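The values are calculated or read from the model by the stated rules, or taken from the named source; none is laboratory data. Since this is a predicted model, take the numbers as computed values, not measurements. Heads up, the Cβs are rebuilt from the backbone with ideal geometry, glycines too, and the neighbour counts pull from every protein chain shown.
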Amino acid sequence: MTSLDILVVDHKYAKVICREMKRFLKDNDIKYHATADENNAIDLVKHRSFDLIVLDYDMPLKNGFQLAGELRGIKKDIKIAGFSAYWNEKEAEEVGLVLYSSSLQPITDYISKNLLFESSE
């Protein structure tokens with residue numbers, strides 16, 4: 001099984017989110033990176049391939065909608081999940097989020113059902 005690589009971008013809680021998902025990530029051999037900085041996220045995406053980006057909406061330099069658009073401009077087929085109550089259906093659809101939620105369970109479910117399955121084929 002190929003290991004997955006996930007990036008979490010949240011200016012306040014990136015490390016907390018990873019800590020909350022740590023058992024799930026470890027049990028499924030998933031590498032993860034956390035950044036609180038939008039520009040660092042852009043640099044990481046330019047130089048690495050991620051299987052999923054978990055993206056907050058409310059950030060100081062640009063909101064999640066703007067950042068998702070920039071990330072999609074760098075890598076068109078990148079998978080992005082919105083993690084915040086601030087995402088709305090229209091913006092999520094416009095930037096092509098695979099899902100958006102204010103809780104982690106739908107995100108871990110997506111990883112289990114979609115990404116882990118793909119990586120084991």
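Please verify whether residue 90 is over 24 Å from residue 113 (Cα atoms), basic (Lys, Arg) and either out of contact with any strand residue (DSSP E or B) (no Cβ under 8 Å at 6 or more places or on another chain) or free of Cβ contacts under 8 Å to residues at least 24 places away in the same chain (or both), treating the condition exactly as stated. Spelling it out, residue 90 is indeed over 24 Å from residue 113 (Cα atoms), basic (Lys, Arg) and either out of contact with any strand residue (DSSP E or B) (no Cβ under 8 Å at 6 or more places or on another chain) or free of Cβ contacts under 8 Å to residues at least 24 places away in the same chain (or both).
Could you tell me whether residue 71 is in contact with an Asp or Glu (Cβ under 9 Å, 6 or more places away or on another chain) and either free of Cβ contacts under 8 Å to residues at least 60 places away in the same chain or hydrophobic (A, V, I, L, M, F, W, C) (or both)? No, not satisfied. Filtered by the rule that a residue be surrounded by fewer than 20 Cβ atoms within 10 Å (Cβ to Cβ) and outside any helix (DSSP H, G or I), the stretch 47-68 gives 48, 49, 58, 60, 61, 62, 63.
The conditions of being over 20 Å from residue 99 (Cα atoms) and free of Cβ contacts under 8 Å to residues at least 60 places away in the same chain are not met by residue 56.
For (1) modelled with pLDDT of 95 or more; (2) over 18 Å from residue 17 (Cα atoms); (3) under 14 Å from the mean Cα position of the chain (by Cα), each residue gets a yes or a no:
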residue: 83; (1), (2), (3): no, no, yes
residue: 97; (1), (2), (3): yes, yes, yes
residue: 105; (1), (2), (3): no, no, yes
residue: 115; (1), (2), (3): no, yes, yes
residue: 120; (1), (2), (3): no, yes, no
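Selection of the stretch 25-43 for residues being touching a strand residue (DSSP E or B) at 6+ places or on another chain (Cβ under 6 Å), farther than 20 Å from residue 109 by Cβ and surrounded by fewer than 21 Cβ atoms within 10 Å (Cβ to Cβ) yields 33, 34, 35. Answer with yes or no whether residue 44 is within 15 Å of residue 33 (Cβ to Cβ), touching a Ser or Thr at 6+ places or on another chain (Cβ under 7 Å), at pLDDT 95 or above and not in a loop (DSSP other than H, G, I, E, B). Yes; evaluated as a whole, the condition is true for this residue.
Every condition in (1) touching a Phe, Trp or Tyr at 6+ places or on another chain (Cβ under 6 Å); (2) surrounded by fewer than 17 Cβ atoms within 10 Å (Cβ to Cβ) is met by residue 77 except one, and the failing one is (1).
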